[in-house]
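What follows is calculated from the coordinates using simple rules that are stated; it is not laboratory data. Everything quoted here is computed from the prediction, not taken from an experiment. Counting neighbours? That spans all protein chains shown, and the Cβs are built from the backbone with ideal geometry, glycine included.
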Amino acid sequence: MTRDLHRIFHGLDEQSLDRLASRREALRSGGRLAGAFALGAIPAALAATASDAFASSSLPGPVVRVLNFALTLEYLESSFYNRGINSGVIPAGKDRRVFETIQSHENAHVAFLKKALGSQAISRPEFDFTAGGAIPNPFKNYEVFKIVAQGFEDTGVRAYKGQAGALKPYDTYLTAALTIHSVEARHASEVRRLRGEDGWIPFEDPAAPAPIKATYAGDGNLNQLGVDVGGFHGAKAGTEAFDEPLTREDVLAIASPFIA
Amino acid sequence: MLTPHTRGEDERAVEVGLFRSPTDRRNFLKWSGTAAATALLIACDQSPTEPSTAPVPSESQTQKVAGQVAIDLKNDFGILNFAYALEQLEAAFYIQVVRQLYSGITSEEEGILRDIKKHEVVHREFFKTALGSAAIPGLAVDFSAVNFTSRESVLLAAKVFEDTGVGAYNGAAKFLRNGDYLLAAGKIVSVEARHASAIRDVLGRSFAPNAFDSALTFEQVLRRAGPFIATDVTLTNSPTAGQTAQRSSGDEEMDS
């Protein structure tokens, strides 16, 4: 794994890692991302009077907040795949078919969320898929492209899962989010397998390259509703059998380096 | 271990037993519906209130019927037992697959099937442990429709199980009242989706045929899983009785 890391991320040094970390910190504490998400905090009723938000005027505030959070991730993914498909970095054949499928799904998710949110939908941010130069250009290096894709998909799964509780009072949106959540998991499995990994995540995914390590923090949990699920078929299977959620804050910390 | 969230009824969360009369039965949706299972049920002398043996599949198991099991969906225990039933079915299937690997299996396919078998056993044991005394008994399975020596037959059945599992959790989630149970279901459904993706891929099907997965009603799940379950399983108080599911436009592909 270390060898692969050196091969793939030969340009990645301690300094750039620090830069990535400090960027993340800056964005977390009130950078552009905070601005982008501020709209989600406006009460639905207020937003409705401020514009012709007829379509979504009845959306409860918590739903708006979650859907805009989801929309940001879907913008991130769809922009990534739209650029990836156009860049020519993806080999023709199966790999290209896989990413075309994922691309079309992410764009469909964006369209769905924008429609649901109406005028309350946040606009598409500008993205920097080198994370400010912290990682090589994924549109010129297919290995990097796949690593970033895996990070986005596995983060997406954990992000949607983490919002299930917030959507619990809102059946329609909970179900809608779950029907996206499982598709992200299908994507994640396929991208992982294109990289030669299993489709599921052992422990905290020790094989995950450094730039996407944060995606797997806490994924090795074996306590499910008080049951030690590592006791049935070993710890590895126990961790693989359950995907863990990420908080909104954790997800934003992972995504923010890619928001220009 | 879990706390039931009832609507105030002072009844057992899960009832296991025969219905009092044919009139009662008429109100309940019947799971299995296979003629064979019904016919064998008549000859079955096992007490329906007695938990059956654990579903360890064998050649003879497909001919075994473990009485009747009723799952009352009026509360979270019922919904979790519904999930437990599905996980029992999946675990039993993959145990049989791994015990009798089809000839010509690739190392990739074997790795996938062995991993999935472990995950489904973990899911099954998780529900069994978490539900404790509220858990339904082990179900008898009927894999007579699966040719375990055939790659195509095994992988197609696996695809049905995994896609159905995804749709089942997606559809049941909104009926869970306890947020911790909802999260637990969410932790499992994405793993089922990972399975579905891998199985579909090695089958040469699309790993993700739709941008939105299905959210199935309890009845739809039963219709798909029922043919593989020899036990006579019935549902009561289904919140989706008579409803049509939220389905994706390309759902026919999911059924294939």
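Miscellaneous remarks
- Nearest-0.05 FRET efficiency for A:A207 and B:N237, computed from C-beta distance (R0 51 Å): 0.65
- Between amide H atoms placed 1.01 Å from N, distances below 5 Å from B:I229 occur with B:D142, all of them 5 or more places distant or on a separate chain.
- Around A:S87: net Lys/Arg minus Asp/Glu count, Cβ-Cβ under 12 Å: +3
- Three principal axis extents describe the C-alpha atoms of segment A:202-260; from largest down they are 45, 24, 11 Å.
- Given A:K94/A:K161; A:K168/B:K187; A:K236/B:K118; B:K118/B:K187; A:K94/A:K146, the pairs whose alpha carbons are separated by over 20 Å: A:K94/A:K161
- Convex hull of segment A:95-207 built on C-alpha atoms - directionally averaged projected area, nm²: 8.3
- Residues whose placed amide H lies under 5 Å from that of A:Q224, excluding near-sequence neighbours: A:V229
- Peptide A:101-111 - average C-beta neighbours from other chains (10 Å radius): 2
- Taking the alpha carbon gyration tensor of segment B:111-212, multiplying each eigenvalue by 5 and rooting it gives semi-axes of 25, 18, 12 Å, largest first.
- Rough spin-label spacing in nm, given labels placed 7 Å along Cα→Cβ, for A:S104 and B:R223: 2.6
- Modelled FRET efficiency - R0 22 Å, A:E197 with B:R99, Cβ distances, 0.05 increments: 0.25
- Fully extended contour minus Cα-Cα distance, from B:S107 to B:S133, at 0.36 nm per residue: 5.4 nm
- Backbone phi angles across segment B:111-123, fed through the Karplus curve with coefficients 6.51, -1.76 and 1.60 (θ = phi - 60°), yield HN-Hα couplings of x, 5, 5, 5, 5, 4, 4, 4, 4, 5, 5, 4, 4 Hz in residue order; Gly and Pro are listed as x.
- Placing a pseudo-label 7 Å from each Cα along the Cα-to-Cβ vector at A:E143 and B:D180 gives an inter-label distance of 4.5 nm.
- Which of B:Y181, A:Y160, A:Y75 has the fewest Cβ neighbours within 10 Å, and the rest in rising order: B:Y181, A:Y75, A:Y160
- Residues with amide H under 5 Å from that of A:F127, placed H, sequence gap 5 or more: A:A260
- Among A:E240, B:E152, B:E192, a tally of other beta-carbon atoms within 10 Å of each Cβ gives an order, fewest to most, of B:E152, A:E240, B:E192.
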